[in-house]
Amino acid sequence: MSIVSKRLLSSAAPPLEAAAKKFYGDKVSYGSLSKAQKAFLDRVIRVDQAGELGANYIYFGQYTVLATKYPHLKPVLQHMWDQEIHHHDTFNKLQTQRRVRPSILTPLWKVGAFGIGVSTALIGKEAAMACTVAVETVIGGHYNQQLRILMNQYQDIPVYDEHGKEIAEPDMEIKDSPELTSLKDLISQFRDEELEHLDTAIEHDAEKAVPYMLLTEAIKLVCKGAIWTAERV
Amino acid sequence: MRISSSALRSSIPKPFSALRTSFRGLSTEESTTHFGFQTVNKEDKEKLVGGVFSSVASNYDIMNDAMSLGIHRLWKSHFINRLDAGMRPGSNRPLDFLDVAGGTGDIAFGLLDHAEKKFQDTKSTMTIADINADMLAEGEIRYKNSKWNDGSDRVNFLVQNGETMDAIPDNSKDVYTIAYGIRNFTDIQAGLNTAYRVLKPGGIFACLEFSQVDNSIIDYAYQAYSFSLLPLMGQLIANDRESYQYLVESIRNFPKQEEFKGMIEKAGFYVPEKGYENLTFGVSAIHIGVKL
Amino acid sequence: MFKQVRAYIPKARGVRFYHSIDHPSSNLIVNPDSIESTILTNSLKHIPKYGFNSYCVTKSIQDLKYPDSIHSVLTSNADGKSLEFQLMLHWLRIQRSKLHEHIMDPASEFHSIENEYERVSYLIKQRLQYNEPIIKKLSYGLSQLSTPYNLSQSLEELHNLSDDIVYYAGDESNDFAWYTKRAGVSSIYVASELYMLSDTSENFKNTKEFVDNRVRGFDGLGGVYNNIEQWGAFNAIGLVNLVKSQWMRG
């Protein structure tokens, strides 16, 4: 049997959820998500995938320019870039498994992010760090907003026990399906790592960049515009 | 500028003069409701609405044409077409229609017409119910002069309060229609519950009513038009500004589409997906429910 | 002090999205409980005799012994869909869920095919096979789909079908290739279905060959986007190196 078919037919949940499923077992099942809830999850995965793609290529751009000139920055940049690559891969996998449509402007995000990375790095290493500060601030707030909504607007999904009867007051642990719980955990973990990047960038003299306010505010604006677009297009 | 039946109108007290005296005896919050933008006792609302409609009865159609620029005819015929109700060829049981608050009978006769033209249905019966005897009287006059008055007893007229409908037994009607009437009920939910009671299983509840406009620019224009022009037209054409002021205010107070859909579901109806169709950007809306 | 969280849930337009794993009832193509789908599913068996006609719906309601008033549930559809269009759309959805069931059967020969494009070919042919019982009535149904006011909804259904086919075939693309593959399958499917309408060969042999040819041609296209990207990146690197070397000299 082909590997793809095996994957299609297997009733085991994909690795991302396997750990969670082991904890809950097969004793509970969940009611359906409303159209609006599905639309939001679709949007979350698409925009987060595009966002991590952008972050990946920004670090790529910065690394290309700065690694040879400033060898002491090489491990720092490498580490941040590796984490972004991991984030990007995770969202790519999630996009395939959940059959979500990726953003159609992906080529644009690739070129644009690489361009921002290279141009800020060419201005100077402080500017590159300032760019990181701007991007990570926007991403941190964005992930927080997503978490808020995932926690508040997904409370009304019914939980059924193994006989199909609705559980009136489910425990905290089984209230949310493994799918939603693991997504929330993923987003909070990534948010923490992004904020760590923010702190690293500040440690490496981001605030010493010459047009600091102008640079960070401009990049924040561009990021917010890109986020708005990637959610929809 | 008085039009005919002025004698009829002048003998009925104007609703707002009754209002001024009743304010003195206002009781606690729970037993009040809205009458346009006024707050009145629940017991009084029925009388006040009755007063409004008695005074507009004879000019009702002219005023509708003037106010909606004739569009109300389009809305009503769209309503009838979308409902597409009638006994199909090959079926052996005629349908029982109930048109509530349809005093002047335009929806009722339109439905019968549609069923006859499209499905050759000449057997379905129609009951027209209205709380206001004057409006019903107008309808009966029209019926007498129409082709439906053929001695077959298909159409009958009842004076009934839509919230209770004592004369109509449970599970007796197939199609319940109410066009531009439900906003005048004192207790809309009771009206919906009664609709559920009188319908047979598989019966359809269909409501055509003014609703909220979703687009804010168009909404602004619409509000400006309703609140300034309509009472003025009422004054000029029918010499009755206050009744038309009430009509405009009652439109404003009617629940939004989603809220009304929730009320229909609360009465026990199954509402098919989306559940309402907006006409002209939401100025009017058609709501559907099915008793399963 | 705390910012109000606006209910940020987007308005859900009709587009197919987000396949849930722990909430499988969210992924249903046809909701079997609703009365509209009960009536429409029952009408499908009258299509071979009467075609895509509202009479199928009337007959279905009479079969189920429902009162005639229940027609209004379908005719008063809030999106303005006519009975014939609703019938056609429902038929498309049922065939799509049949395809899904076919895939989910472990014994199906589909699972022994390795190559992604051959899997696409198999799926398209399998789906076209479901057209065979009603092939004589199908042209009227398809014409319903292409009228301007129905077009957006029928395109949505077509995209859902090609998304299903490409996913079952094993697509894992994360970028623009996602779109090109699905667009390709949609166009192949539409062309094949139209070809099938006038195909008189034994067992629709010609249609099957048509599908195979088209998919083979599309196979070549598949790598094009990635090749273009690689070519672009290679040239950009070359250009940068050229500029650097010229700069060094000057």
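Scan (1) part of a helix (DSSP H, G or I); (2) at pLDDT 90 or above; (3) over 20 Å from the mean Cα position of the chain (by Cα) for the single condition C:Lys136 breaks and write down its number.
(1)
Of all residues in region B:143-162, which are part of a loop (DSSP other than H, G, I, E, B) and either of a type in the set (S, T, N, Q) or open to solvent by 40 Å² or more (accessible area, probe 1.4 Å) (or both)?
B:Asn145, B:Ser146, B:Lys147, B:Asn149, B:Asp150, B:Gly151, B:Ser152, B:Asp153, B:Gln160, B:Asn161
In region A:153-194, how many residues are under 28 Å from A:Asp89 (Cβ atoms), surrounded by 18 or more Cβ atoms within 10 Å (Cβ to Cβ) and within 14 Å of chain C (Cβ to nearest Cβ)?
Adding up the residues that qualify gives 9.
Within region B:103-124, which residues are over 18 Å from C:Ile70 (Cβ atoms), open to solvent by 10 Å² or more (accessible area, probe 1.4 Å) and not charged (D, E, K, R)?
Hits for region B:103-124 are B:Phe109, B:Gly110, B:Gln120, B:Thr122.
Do you know which of the residues in region A:191-221 that are assigned to a helix (DSSP H, G or I) and modelled with pLDDT under 90 is nearest to A:Gln83 (Cα to Cα)?
Here the residue is A:Ala206.
Report, by residue number, each residue of region B:181-214 that is within 14 Å of another protein chain (Cβ to nearest Cβ), under 29 Å from B:Phe281 (Cβ atoms) and outside any helix (DSSP H, G or I).
The answer is B:Ile204, B:Phe205, B:Ala206, B:Cys207, B:Leu208, B:Ser211, B:Asp214.
Quick one: which residue in C:Glu101, C:Glu114 is open to solvent by 50 Å² or more (accessible area, probe 1.4 Å) and part of a loop (DSSP other than H, G, I, E, B)?
C:Glu114
What do you reckon, is B:Ala115 in a helix (DSSP H, G or I), within 14 Å of chain C (Cβ to nearest Cβ) and closer than 29 Å to C:Lys81 by Cβ?
yes
Mind checking which residues of region C:100-133 are closer than 22 Å to C:Asn206 by Cβ and touching a Leu at 6+ places or on another chain (Cβ under 9 Å)?
C:Leu123, C:Gln126, C:Arg127, C:Tyr130, C:Asn131
Enumerate the pairs (first residue in region B:246-275 and in a strand (DSSP E or B); second residue anywhere and of a type in the set (Lys, Arg)) with beta-carbon separation below 9 Å, excluding pairs fewer than 6 apart on the same chain, so at least 6 apart or on different chains.
B:Tyr270/B:Lys291
Go through the residues of region B:34-43 one by one and say whether even a single one is within 14 Å of chain C (Cβ to nearest Cβ), assigned to a loop (DSSP other than H, G, I, E, B), out of contact with any Leu (no Cβ under 6 Å at 6 or more places or on another chain) and of a type outside the set (A, V, I, L, M, F, W, C).
no
Search region A:72-95 for residues that are over 16 Å from A:Glu193 (Cα atoms) and open to solvent by 20 Å² or more (accessible area, probe 1.4 Å) and pair each with any residue that is of a type in the set (Val, Ile, Thr) and in a helix (DSSP H, G or I) when their beta-carbon atoms are under 9 Å apart and the residues are at least 6 apart or on different chains.
A:Lys74/A:Thr68
Select from region C:42-73 the residues that are open to solvent by less than 10 Å² (accessible area, probe 1.4 Å), without any contact (Cβ under 8 Å) to a residue 60 or more places away in the chain and away from every other protein chain (no Cβ under 13 Å) and list them in ascending order.
Result: C:Ser43, single match.
For region B:72-94, name all the residues that are within 7 Å of chain C (Cβ to nearest Cβ) and in a helix (DSSP H, G or I).
Residues satisfying the conditions are B:Arg82, B:Leu83.
The values are calculated or read from the model by the stated rules, or taken from the named source; none is laboratory data. Since we're looking at a predicted model, the values are computed, not measured. Neighbour counts are summed over all protein chains in view; Cβ atoms, including those assigned to glycine, are modelled from backbone coordinates with ideal geometry. Each accessible area value is taken on the protein alone, full model and side chains, heavy atoms only, with ligands, DNA and RNA left out. Shrake-Rupley method; radii C 1.70, N 1.55, O 1.52, S 1.80 Å.
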